[in-house]
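Data block below; observations after.
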Amino acid sequence: MNDFILVGETRKNMRKQFSPSSDEDDSHSDILSSSRSSFQNWWRSAKEFDENGNLKLDYTNLITDLSPRLKVIREMERLALIATDGLDDLRHKLLSYKSGDFWLPTGGIKKEEMEISPIITILLVGFSGAGKSSIINLMYSVLGRSGLIPFTQTSGVSSEYTTMFMEEHNVLRSIRSGFCVYDSRGLDYSQLGESLEGLNNWMVTGIHHHQLCRRPGVEENLTGPIMPSTSRFIRRRVNCAMVVVNIAEIYKALLNGDSKPLESAKELFHSPSMRKSNENPIVIMTHGDKLTVEERIDGRIKICEFLGISETSGTYDIVCLTEHGILAEESDPITAYALTEAIYRALIFSDRTHSPKTNYKDYFSNVLNLIICFIAGIFTYLAHFFSQLADPNKLKRM
């Protein structure tokens, strides 16, 4: 008994020794709170705000004078306004979501007549180092309540690391999850054509867990044991693709006169394979914390203008890591809400892409059309042949 008392006293003494005083603790909390606030509300350091973080302009100007810059600021203010109270509500909608929940009647077809897959598949695509794996970890943290546990390795751990296999992630960590998110291998700027060809193959034939992501001229240089890809996993159709871009990399390249990253991002965004899932794919901009406030806003505007998309609708500025180098989860509700809203928007888009079921009548009609086209082709050839036969000179030239 005395031993337990001694241990308890020792722990109390150690806690007193290493714990700061109440004044120091309050001061430390104020510093962290100020740092966290400046990190979350980074846009309020722009020239449109005063030193207290209040807009110098009238709110009426945000309606009548919508310049691209003010649109970005207004969008960030919207997220800040609804993030704290709206995050739990939006998270609950994702937790209870089932494939087809957001489907709306179109063309007079009932929901029972639609071909709705049991699981909606969201694919993250982007160039190497864009932050796709970090986004996955943040999804686990925000939606799966996993805390700060990383579920996938990122290129930040090693500059030579890259995702080799398709990875299916149940970011809700629920057996009833109605959607999954796939992390793909980063595309290569120097092999853009081959990368887009591989992307087109994913969009057309579908993807499955642990599918080997092939890149021309790379696999044969790999060393060490590689787990073979297996087709036993369910192949899933990609319902929605998100484009992840490194805003810091693109903006700094533009400052140095290099427009290749931006042009490559545009070619990826406007590729026919991307448009198969959605006419305007969702864009997630990462690593904005590596830029100044003015550069961050200006970079977002430049990228959106070059891509020909809105600066606000379907575009999200998401920071995966805080200024302390950890996942931005509950400590940054604005980032958490923006990410959750991006997924919510992706599910809405996905439920619009469902096709009607093919019945026997449609099958018979398709077969009949093929037969008619074949017969029409035969008669066209015969007509051309006999027309040539009627003219001996043309027949000789044949």
**Asked** To the nearest 10 square angstrom, how much accessible area does residue 334 have with a 1.4 angstrom probe?
**Response** 10
**Request:** Mind pulling up the Rg/Rh value for the range 71-141? Radius of gyration and Kirkwood radius, both on Cα.
**Result:** 1.07
**Prompt:** So who's got an amide H within less than 5 Å of the one on residue 49, skipping anything under 5 residues away but keeping other chains? H placed 1.01 Å off N, in plane.
**Reply:** 56
**Request:** Taking amide H positions as placed in the peptide plane 1.01 Å from N, state which residues far from residue 206 in sequence (5 or more) or on other chains have amide H under 5 Å from it.
**Result:** 238
**Extended-chain gain in nm, criterion 0.36 nm per residue less alpha-carbon gap, residue 175 and residue 190** = 1.4 nm
**Complete:** Taking R0 as 41 Å and r as the Cβ-Cβ distance between residue 358 and residue 384, the FRET efficiency 1/(1 + (r/R0)^6), rounded to the nearest 0.05, comes to 0.70
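Cross-link list 266/302; 71/252; 98/276; 71/290: which exceed 19 angstrom alpha carbon to alpha carbon? Can you show the working numbers first?
Details: 266/302 12 Å; 71/252 23 Å; 98/276 22 Å; 71/290 22 Å.
Over 19 Å Cα-Cα: 71/252; 98/276; 71/290.
Could you order 367, 245, 204 by accessible surface area, starting with the largest, using a probe radius of 1.4 Å?
Numbers: 367 55, 245 10, 204 90 Å².
Output order, biggest surface exposure first: 204, 367, 245.
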**Complete:** Contour minus Cα-Cα span, residue 301 to residue 197, at 0.36 nm per residue, comes to 34.6 nm
**Request:** Return the sequence-ordered ³J(HN,Hα) values of the range 200-207 in whole Hz as given by the Karplus equation 6.51 cos²θ - 1.76 cosθ + 1.60 applied to θ = phi - 60°, using x for Gly and Pro.
**Result:** 4, 5, 4, 6, 8, 8, x, 9
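Counting only protein chains, not ligands or nucleic acids, how are 312, 380 ordered by accessible area (probe 1.4 Å), most first? The partial results should precede the final answer.
On the way: 312 30, 380 95 Å².
Most to least solvent-accessible, the answer reads 380, 312.
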**Rounded accessible area of residue 302 (nearest 10 Å², 1.4 Å probe)** = 90
**Request:** Quick one: accessible surface of residue 45, probe radius 1.4 Å, all protein chains present, in square angstrom to the nearest 10.
**Result:** 90
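The values are calculated or read from the model by the stated rules, or taken from the named source; none is laboratory data. Treat the numbers as computed from the prediction; the structure is a model and nothing was measured. Ideal geometry is used to build each Cβ from the backbone, glycine not excepted, and the neighbour counts take in all protein chains shown. Accessible surface is based on the protein model in full, side chains and every heavy atom, while ligands, DNA and RNA are left aside. Shrake-Rupley method; radii C 1.70, N 1.55, O 1.52, S 1.80 Å.
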